[in-house]
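A short worksheet on the structure shown next.
Any read-out appearing in this document is the output of simple, stated calculations on the displayed coordinates, not a laboratory observation. Everything quoted here is computed from the prediction, not taken from an experiment. Cβ sites come from the backbone with ideal geometry, for glycine too, and all protein chains shown count toward neighbours.
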Amino acid sequence: MISRPRSVIGALASWSWLSRFRNRSLIFGGLIAFSLVISAFPERYLAYATMTPADPGSLGLGGALGQLGAGSSVFGSQVAAEMALRVGMSDDVREIVIQKLNLTRRLHKSDLQLHRWLKRHVEVRALRGGILEVDMQSIDARLADDVIKAYTYALQDRIGELSREQTATKRQILEQLVREATDGFAEAQQRYDNYRLTHQEAIPETQTETVAQRILSLESTIRGKQVALATAHQMYTDENFNVKQLRAEIAELQRQLAETKATEANGSQDVGTVVASTRVLFKLQRELSLQRALYDSYMRFLQGTTVEDLASTANIRILEPPHVDTARQFWLPAVAMAVAFALLWGAIEFYRLRPPLGASLPH
């Protein structure tokens, strides 16, 4: 007869030494008690801190930075807990902690061992709402508190350093753009001034207004002379000296008006000459305005990089400063072992109470 294979629970339940309840109680009860004891002693302390990435708007600096062209973060739109979490788990942050606390002499470990020790004991996690938590559990409360404090400020320093590096790159680009805009502005100003000096036009905007006023003045004078001529016709004949004089004046005024309204430039103050002259002036003026606007914008953005450097240290907002939790801490692996031993003991007892068909248990 081929015997059926036994399970682990069946093998343990069939072990003769565990056939007596007293032996099972001593073994599993002792293991459970031992696990519970080591979970509580020596006493462990939990040190932790919570923080969240900050932005200029949350600090009340959004308006000032926006006016200087520094409203957006140098890290782009993904600046959140994910970026800070990755920085917090980096070797650079751990190295800052090691150097700040002088852990090489304090714990008598090498740099590699300390990096592994920090990676194993310090946990940086992201909570809901973009909140970061840095915590460490240790039997040395002072050490845990010092490490969490160093981790918190190392995280701030590292993110601030990254921000300043990005701002430095941005500043180099802006300085190049400012130099180019300065040269373009100077060249446009020189071309504009040279044209004004060459054509003796100090204020080009007034030329069109002067011609328009001259046309209106001539038309008004002609109408006045025409009224005077009509009045003279009622009193004198066409051969009268006054009538002839008024006709001559009207003819001269109409000739001047026709010359002023002429669209072909002939060297006088006419519409054609003004249009031909101001066309070039307005083109040069637009180029000058464009170069001035570029220069002003780039200078404002360049000034904004200085504000970004000053605000780089305000990248992390501390919600709960580093401190040691007052609640009693338990070593969770030992608690898990106690639960596992209790479940195993319960499974053996259930197996002995209701053994499967064909199973023989020692009594």
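Residue order for ILE27, ILE159, fewest other beta carbons within 10 angstrom first, comes to ILE27, ILE159.
Listed by Cβ neighbour count within 10 Å, with the fewest neighbours leading, TYR298, TYR195 appear as TYR195, TYR298. Taken one residue at a time, the phi angles of the stretch 177-190 give Karplus couplings (6.51, -1.76, 1.60, θ = phi - 60°) of 5, 5, 4, 5, 5, 5, 5, x, 5, 5, 5, 5, 5, 5 Hz. Gly and Pro are set to x. Net charge of the neighbourhood of GLY129, taken over other residues with C-beta under 14 Å away and scored Lys/Arg +1, Asp/Glu -1, is 0. Amide H to amide H distances under 5 Å link ARG317 with THR52, ALA54, where only residues 5 or more positions off or on other chains count and H is placed in the peptide plane. For the stretch 226-253 and the stretch 111-176, what is the centre-to-centre distance using only Cα atoms, to the nearest Å? Taking the Cα centre of each part, the stretch 226-253 and the stretch 111-176 sit 98 Å apart.
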